[in-house]
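Peer 1: Quick one: the structure is below, questions incoming.
Read-outs throughout are calculated quantities, based only on the coordinates presented, and are distinct from any laboratory measurement. From a predicted model like this one, the values you see are computed outputs, not experimental measurements. Virtual Cβ from ideal backbone geometry, glycine too; neighbours counted across all protein chains shown.
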Amino acid sequence: LVSRDFHPDDSVIQVGPVAFGGDKVIVMSGPCAVESREQLMMTAEFMQRVGVPVMRGGAYKPRTSPYSFQGMRLDGLKMLAEARERYGVLIVTEAVDHESLANVAEWADIVQIGARNMQNFELLKAVGQCGRPVLLKRGMAATIDEWLLAAEYIAAHGNLNIILCERGIRTYETKTRNTLDISAVPVVKQLSHLPVVIDPSHAAGQWQWVLPLARAGVAAGADGLIIETHPNPAEALSDGPQSLNFRHMEELMEEVGRVARAV
Ligand code: PEP
Ligand code: MN
């Protein structure tokens, strides 16, 4: 179902007023984790001001260490919904299991399935029936075929509103957190009709490299970007080193506009 053989034309995934896979590069941005109402409302106000139509923010965080901040869970989702009401940004946030999926589908606009759950097949089946568009991240050790088969699970269970997200894979390189697989953009676009977005933040692991990787993603033909931004990255409870501050995010928006017009 996700193959071009089945559907030769590009799919456009419409989420409210936003179209993924159309002419525009869609930017999504926000903190790794929802940490407080103040942090979130400041961020939402900024996103509205600079024209970012979709805000991200994790309420359920799949952290590597059990001692790291695990997220505000349902309270976080309610704050995201409040930010949408106040600032008119759409919300994308991660579901990590069946219970959080039901809550995310109720409160958010796009359900994110993270790299660590890309092959959680029972969860993917439920995502197929959740009634919301999905942002499906590539697993950090997944091949493109495995990633497309994960999308196929969601499609086969009733949901073709899938946006694929390349977020970097594990290689022998250790300078970056992951290696952004830019090739995935043209390869996936040849194999599938689904839109593809780039997450340079989790690939880079360092905020200084986010802008050049975002540029590269757009130049390669990505349909969008998802960027971690924090009002004060030094104080972030999760992924601070790779988070842009507002000034750098504003610069990224200008640069992306330039690259998008140039290609
Ligand atoms: C995230 O978006 O904060 C996240 C956990 O991403 P990934 O699943 O790509 O690691
Ligand atoms: Mn993160």
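Peer 1: From the residues Leu194, Asn232, Thr179, which one has its Cα farthest along the dipole of the stretch 13-262 in the positive direction, the dipole being from +1 and -1 charges on Cβ of Lys/Arg and Asp/Glu about the Cα centre?
Peer 2: It is Thr179, whose Cα lies furthest towards the positive end.
Peer 1: Using the Cα centre as the reference, give the magnitude of the dipole from point charges on the C-beta atoms of the stretch 38-161 (Lys, Arg: +1; Asp, Glu: -1; all else neutral), rounded to the nearest 20 debye.
Peer 2: 240 debye
Peer 1: Can you count the Lys pairs in the stretch 13-262 with C-alpha separation below 19 Å, eight or more apart or on different chains?
Peer 2: So the count works out to 5.
Peer 1: Put a dot 7 Å past each Cα toward the Cβ at Arg37 and Phe69; how far apart are the dots in nm?
Peer 2: 1.8 nm
Peer 1: Something else about it: How many angstrom lie between the C-alpha centres of the stretch 158-178 and the stretch 23-46?
Peer 2: 20 Å
Peer 1: Still on this structure, I have one more. On the principal axes of its Cα set, how long, how wide and how thick is the stretch 1-81? Give whole Å, largest value first.
Peer 2: The principal-axis extents, from largest down, are 46, 33, 18 Å.
Peer 1: Restricting to DSSP H runs of at least four residues, report the calculated mean residue ellipticity at 222 nm for the chain, -39500 (n - 2.57) per run over all residues, nearest 500 deg cm²/dmol.
Peer 2: Helix contribution divided over all residues of the chain: -11500 deg cm²/dmol.
Peer 1: Just to check, using Stokes-Einstein with a Kirkwood Rh over alpha carbon pairs, what's the diffusion coefficient of the stretch 13-262 at 37 °C and 0.692 mPa s in µm²/s?
Peer 2: 186 µm²/s
Peer 1: Only Lys, Arg, Asp and Glu count, each charged at its Cβ (+1, +1, -1, -1), so figure out the dipole size of the chain about its Cα centre, rounded to 20 debye.
Peer 2: My answer is approximately 240 debye.
Peer 1: Classify the stretch 12-150 from the C-alpha gyration tensor, please: rounded if a/c falls under 1.5, else prolate or oblate depending on whether a/b exceeds b/c.
Peer 2: Oblate shape, in that a/c is at least 1.5 and b/c is the bigger or equal ratio.
Peer 1: Quick check on the stretch 106-263: of the DSSP beta bridges with both residues there, what percent are antiparallel, nearest 5%?
Peer 2: 5 percent
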